[in-house]
Amino acid sequence: MQAWIAEVVQGTALGVVLAAGPIVAPLTAQCADGTAPPCGAPVQRAAGTTVAVLYFDNLSPDTADAYLADGVTEELIVRMGRVQRLAVSSRYAVRRFRGRPLEYPAVLGRDLNVNYLVTGSVRRSGDHVRVTAELMRAATGSRVWGEVFDREEGDLLALQTDLASDVATGIIGRLAPAERTKIADRPTRSPVAYEHFLRGNYALAQRSPRSTVTALAEYQAALRLDPGYSAAGARAAFAYALFPAWGWKHPTLSSDTLLARGIAAADAVLRRDSASSDAWMAYGLLLWLRHPRQSQGAIEAQQRSVALDPGNAEALNLLGVTLMHLARDSDAVAAFRRALAIEPGRPISLVRLAEIELLANHFENARRLLDSAVTVAPGFTLAHLDRAWVLLHFGDVAAARADAETAMRLAPDNFEATRGVLAATQAAAGDTEHARAGLDSLVARFDWEAVVGEAQIANIAMPLVAIGDTARALALVERARPRGAMLWWCLKWPEFAALATSPRFQRVLAESDPTSEGH
């Protein structure tokens with residue numbers, strides 16, 4: 001495994017990733033559209049019809065309008081992707097180039113393996129939106145087409161149709177009637193619902209408890225205006241799932257309520273549109289969270305999501321996480337590597353690969369992957385948290401402390417995770433007094449009579465072990481619910497080695513094991 005890790009962190013792993021083959025057998029038993037074989041003949045594309053749409057710049061006076069520039073970009077990618085004669089880079093592939101100056105189009109074209117680049121900007125002024133777009137040949141940087149669209153805000157959906165049609169025509173020439181129809185297909189007839197959807201997407205991408213609450217409110221507003229808005233329903237279902245999946249507390253809803261509402265939202269979408277990759281992705285995660293020791297339905301839903309949209313790096317990453325929690329590490333690695341093929345340098349996939357290495361006690365491999373994740377995404381809190389634990393295994397306490405403090409600055413509201421790791425670094429430095437005081441403040445934040453989730457196990461029990469307080473660590477482990485794959489996986493971290501001989505610990509481990517017979 002070490003050779004391909006070196007290639008990943010050096011940014012040259014595309015060939016290796018693409019050679020990884022299928023993740024698990026069921027994926028090869030479906031066509032790209034999710035149907036059973038035999039599949040239709042692959043579309044023959046003319047040479048030179050590959051294109052990447054780079055994220056448009058926000059030129060509005062209000063920086064809060066950044067969601068609009070992102071939304072125009074992503075909708076353009078979606079609509080152009082419906083033209084089968086075009087090969088369009090996914091939003092995941094182009095996201096890492098956001099905000100970079102376009103000084104060397106040829107280099108960017110080679111990095112993305114495309115012949116054409118689309119750039120642009122969005123500016124809102126009062127109730128008008130101005131979108132400027134340009135199509136260029138990547139090899140030479142020469143301009144092929146350019147246009148300025150100045151429309152009323154309520155005409156944004158029509159603007160998207162015109163923009164996608166013009167760019168596609170600039171690459172492949174006149175569009176067939178069927179292609180024009182596909183480009184013109186609108187996700188909703190309500191311009192206001194569409195704007196709520198764009199705002200929700202922008203908030204959801206920030207991946208914090210507060211921003212996810214905001215995203216849910218925006219998706220719900222979109223659904224009130226258009227109850228049949230499938231894309232908004234699918235994203236809402238995924239947002240509901242994020243709270244229990246990441247151990248976040250919703251300000252008003254319990255975990256059971258979040259799961260019930262998420263499943264209802266995903267089910268409503270799939271009844272209308274069984275080909276929604278995002279809805280299947282959310283449904284798989286929700287099933288996994290509701291039935292933590294029964295993986296089959298969840299995996300099948302996630303595989304369906306990937307089959308419907310093989311370019312969905314988020315779906316591949318989520319499938320990898322599920323497989324990882326089931327100790328199907330080789331299958332999980334294949335999923336993460338495929339996600340990295342779509343979006344090279346994708347930090348969450350690098351972190352998950354590092355966690356597989358960490359649980360196998362391959363600390364050098366884990367460190368290299370986490371170094372790479374921090375390099376490409378310096379603001380990614382989880383990479384700093386995981387790297388702090390890895391650095392402690394090397395005895396590099398100062399560097400681990402620096403990562404813990406960086407995580408605290410990046411995510412001050414993620415109190416348990418950041419303070420827990422900091423306490424472990426303090427204990428390693430011999431500052432037991434401050435470490436104990438920090439962990440006492442964490443333990444005091446929740447009711448010991450209440451259920452303890454996986455988040456407390458990872459964020460509090462592990463540091464308690466690190467300072468030698470095995471009694472309280474064991475008490476936390478015994479209170480952990482639900483018993484299932486996520487808890488089982490957490491308890492396999494090397495930090496729990498000191499508890500491994502305890503019958504109490506082994507009992508919880510056995511009760512959580514999703515690979516045991518009958519589960």
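The values are calculated or read from the model by the stated rules, or taken from the named source; none is laboratory data. The structure displayed is predicted, hence computed values, not measured ones. Ideal geometry is used to build each Cβ from the backbone, glycine not excepted, and the neighbour counts take in all protein chains shown.
Residue count for the range 104-152, restricted to those that are of a type in the set (D, E, K, R) and under 13 Å from residue 54 (Cα atoms): 2.
Conditions tested, residue by residue: (1) on the phi < 0 side of the Ramachandran plot; (2) assigned by TED's automatic domain parsing to the domain that holds residue 200; (3) among the β-branched types (Val, Ile, Thr); (4) at pLDDT below 50.
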{"position": "11", "(1), (2), (3), (4)": "no, no, no, yes"}
{"position": "58", "(1), (2), (3), (4)": "yes, no, no, no"}
{"position": "67", "(1), (2), (3), (4)": "yes, no, no, no"}
{"position": "72", "(1), (2), (3), (4)": "yes, no, yes, no"}
{"position": "99", "(1), (2), (3), (4)": "no, no, no, no"}
{"position": "113", "(1), (2), (3), (4)": "no, no, no, no"}
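You will find that of 491, 474, the residue that is among the aliphatic types (A, V, I, L, M), without any contact (Cβ under 8 Å) to a residue 60 or more places away in the chain, farther than 26 Å from residue 332 by Cβ and outside the structural domain of residue 254 (by TED's automatic domain parsing) is 474 and no other. Can you find a residue that is without any contact (Cβ under 8 Å) to a residue 12 or more places away in the chain, under 19 Å from residue 66 (Cβ atoms), within 25 Å of the chain's Cα centre (by Cα) and not in a loop (DSSP other than H, G, I, E, B) anywhere in the range 187-200? Looking through the range 187-200, none of the residues is without any contact (Cβ under 8 Å) to a residue 12 or more places away in the chain, under 19 Å from residue 66 (Cβ atoms), within 25 Å of the chain's Cα centre (by Cα) and not in a loop (DSSP other than H, G, I, E, B).
Among the residues in the range 85-101, are any of a type in the set (Ser, Thr, Tyr) and farther than 27 Å from residue 308 by Cα?
To start, the set of residues in the range 85-101 that are of a type in the set (Ser, Thr, Tyr) comprises 89-90, 92.
Filter again for farther than 27 Å from residue 308 by Cα, leaving none.
Looking for residues that are of a type in the set (Ser, Thr, Tyr) and farther than 27 Å from residue 308 by Cα, one finds none in the range 85-101, hence no.
For the range 265-294, a residue qualifies if it is of a type in the set (Gly, Ala, Ser) and over 24 Å from residue 210 (Cβ atoms), and the qualifying residues are 268, 274, 275, 276, 277, 279, 284. Residue 482 meets all of the listed conditions (1) over 18 Å from residue 242 (Cα atoms); (2) in contact (Cβ under 8 Å) with a residue 24 or more places away in the chain; (3) surrounded by fewer than 20 Cβ atoms within 10 Å (Cβ to Cβ) but one, namely (1).
On the stretch given as the range 498-514, residues that are part of a loop (DSSP other than H, G, I, E, B) and closer than 20 Å to residue 325 by Cβ total 3.
Does at least one position in the range 408-419 carry a residue that is among the basic types (Lys, Arg), touching a helix residue (DSSP H, G or I) at 6+ places or on another chain (Cβ under 8 Å) and either under 27 Å from residue 440 (Cα atoms) or not assigned by TED's automatic domain parsing to the domain that holds residue 211 (or both)? Yes, some residue in the range 408-419 is among the basic types (Lys, Arg), touching a helix residue (DSSP H, G or I) at 6+ places or on another chain (Cβ under 8 Å) and either under 27 Å from residue 440 (Cα atoms) or not assigned by TED's automatic domain parsing to the domain that holds residue 211 (or both). Evaluate the following for residue 216: is it surrounded by 21 or more Cβ atoms within 10 Å (Cβ to Cβ) and within 30 Å of residue 348 (Cβ to Cβ)? Against the criterion (surrounded by 21 or more Cβ atoms within 10 Å (Cβ to Cβ) and within 30 Å of residue 348 (Cβ to Cβ)), residue 216 qualifies.
Restricting attention to the range 391-444, the residues being over 28 Å from the mean Cα position of the chain (by Cα), at pLDDT below 95 and charged (D, E, K, R) number 4.
List the helices (runs of 4 or more DSSP H) that sit entirely inside the range 101-186 and contain at least 2 residues that are closer than 19 Å to residue 82 by Cα and in contact with a strand residue (DSSP E or B) (Cβ under 6 Å, 6 or more places away or on another chain).
Numbers: elements: 105-112, 156-172, 177-184.
Per the criteria, 156-172.
Give the residues of the range 391-430 that are outside any helix (DSSP H, G or I) and crowded, with 16+ Cβ neighbours inside 10 Å, sorted by residue number.
Step one: of the range 391-430, the residues outside any helix (DSSP H, G or I) are 394-396, 411-414, 429-430.
396, 411, 414, listed by residue number.
Given the criterion surrounded by fewer than 16 Cβ atoms within 10 Å (Cβ to Cβ) and basic (Lys, Arg), identify the matching residue among 143, 180, 199. Break it down into steps so the answer makes sense when it comes.
Working: 180 fails: surrounded by fewer than 16 Cβ atoms within 10 Å (Cβ to Cβ); 199 fails: surrounded by fewer than 16 Cβ atoms within 10 Å (Cβ to Cβ).
Only one candidate qualifies: 143.
For the range 445-468, what are the residues that are modelled with pLDDT of 70 or more and assigned to a loop (DSSP other than H, G, I, E, B)? Of everything in the range 445-468, those that are modelled with pLDDT of 70 or more and assigned to a loop (DSSP other than H, G, I, E, B) turn out to be 445, 453, 467, 468.
Assigned by TED's automatic domain parsing to the domain that holds residue 70 and modelled with pLDDT of 95 or more, is that true of residue 117?
Values: assigned by TED's automatic domain parsing to the domain that holds residue 70: yes; modelled with pLDDT of 95 or more: yes.
Yes.
Within the range 368-379, the only residue that satisfies the criterion of being more than 21 Å from residue 338 (Cα to Cα) and touching a helix residue (DSSP H, G or I) at 6+ places or on another chain (Cβ under 8 Å) is 379. Note on the range 320-332: residues that are modelled with pLDDT of 95 or more and either buried (at least 23 other Cβ atoms within 10 Å of the Cβ) or touching a Leu at 6+ places or on another chain (Cβ under 6 Å) (or both) amount to 3.
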